[in-house]
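Peer 1: Sharing a structure below in structure tokens format, with a few things to ask.
The values are calculated or read from the model by the stated rules, or taken from the named source; none is laboratory data. From a predicted model like this one, the values you see are computed outputs, not experimental measurements. FYI the Cβ positions are ideal-geometry reconstructions off the backbone, even for glycines, and counts take in every protein chain you see.
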Amino acid sequence: MNEGAGVKAGLRDASWYASPGRARVYHVVNGDKPACNSNAVLIDEHSVCDAGTVPKHLRCHRPGCKQEWPSNED
Ligand SMILES: [Zn+2]
């Protein structure tokens with residue numbers, strides 16, 4: 001069983017975001033906001049997925065998100 005079941009992740013709504021060349025990272029979803037920044041823009045609901053499926057290199061590592069990612073050592 002995946003101990004991270006139930007944890008969701010998603011991309012921030014980047015419609016305002018003016019750096020198209022920059023890689024987008026997934027954040028753990030806390031309600032409808034990134035777990036690392038409750039003042040941030042909303043998570044794009046269309047991007048929400050199971051946190052365990054997000055590749056490690058695409059995961060946000062800021063405090064708030066970092067400790068919420070399920071471990072999926074392979
Ligand atoms: Zn984050």
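Peer 1: Just checking, how many residues over region 43-61 are surrounded by fewer than 14 Cβ atoms within 10 Å (Cβ to Cβ) and either at positive phi or within 9 Å of the ligand (Cβ to nearest atom) (or both)?
Peer 2: 1
Peer 1: Search region 47-60 for residues that are among the hydrophobic types (A, V, I, L, M, F, W, C) and pair each with any residue that is assigned to a helix (DSSP H, G or I) when their beta-carbon atoms are under 8 Å apart and the residues are at least 6 apart or on different chains.
Peer 2: Listed by first residue and then by second, the contacts come to Ala51/Glu68; Cys60/Lys66.
Peer 1: With Asn2, Asn39, Asn72 as the choices, which residue is within 14 Å of the ligand (Cβ to nearest atom), outside any strand (DSSP E or B) and modelled with pLDDT under 85?
Peer 2: Result of the check over Asn2, Asn39, Asn72: Asn39.
Peer 1: State the number of residues belonging to region 5-36 that are modelled with pLDDT of 85 or more and either in a loop (DSSP other than H, G, I, E, B) or touching a Leu at 6+ places or on another chain (Cβ under 6 Å) (or both).
Peer 2: Count: 8.
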